[in-house]
Amino acid sequence: EKPIATDLPETIEAINACNEAGVKLMTALQRRFDPNFRRVKAAIDAGEVGEIVTVKLCSRDPSPPPFEYVKGGGGIFKDMAVH
């Protein structure tokens with residue numbers, strides 16, 4: 001999984017901030033909130049499709065990341081190397 005931060009002090013800061021706020025800290029790719037995934041879930045829940053045996057999905061980001069992310073995100077190699 002991706003690291004929480006780029007160094008130990010940032011990681012500790014994130015953990016402490018979440019502890020103080022009373023929220024959970026996790027790294028995850030939550031595609032279930034993307035519009036297309038929500039549409040698939042809605043179709044299943046509404047009975048628009050038959051019995052579900054297997055769902056196999058392939059996804060990509062719907063649009064390029066914001067400039068500020070690109071500027072400070074470390075580039076494609078740093079972003080993808082953790083996978």
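If you go through the range 66-79 and keep only what is open to solvent by less than 100 Å² (accessible area, probe 1.4 Å) and modelled with pLDDT under 75, you end up with V70, G72, G73, G74, G75, D79. Residues in the range 7-51 that are among the β-branched types (V, I, T), assigned to a loop (DSSP other than H, G, I, E, B) and over 21 Å from the mean Cα position of the chain (by Cα): V49 only. The C-beta contact set for the range 49-71 (first residue closer than 21 Å to R39 by Cα, second residue surrounded by fewer than 10 Cβ atoms within 10 Å (Cβ to Cβ), distance under 9 angstrom, 6+ apart or interchain) comprises P62/P35. Note on the range 1-55: residues that are open to solvent by 100 Å² or more (accessible area, probe 1.4 Å) and touching a Lys or Arg at 6+ places or on another chain (Cβ under 6 Å) amount to 0.
The values are calculated or read from the model by the stated rules, or taken from the named source; none is laboratory data. In this text, all values refer to a predicted model and were calculated from it rather than measured experimentally. No Cβ is skipped: glycine too gets one built from the backbone with ideal geometry, and neighbour counts run over all protein chains shown. Quick note on the areas: whole protein, heavy atoms, side chains included, nothing else; ligands and nucleic acids left out. Shrake-Rupley method; radii C 1.70, N 1.55, O 1.52, S 1.80 Å.
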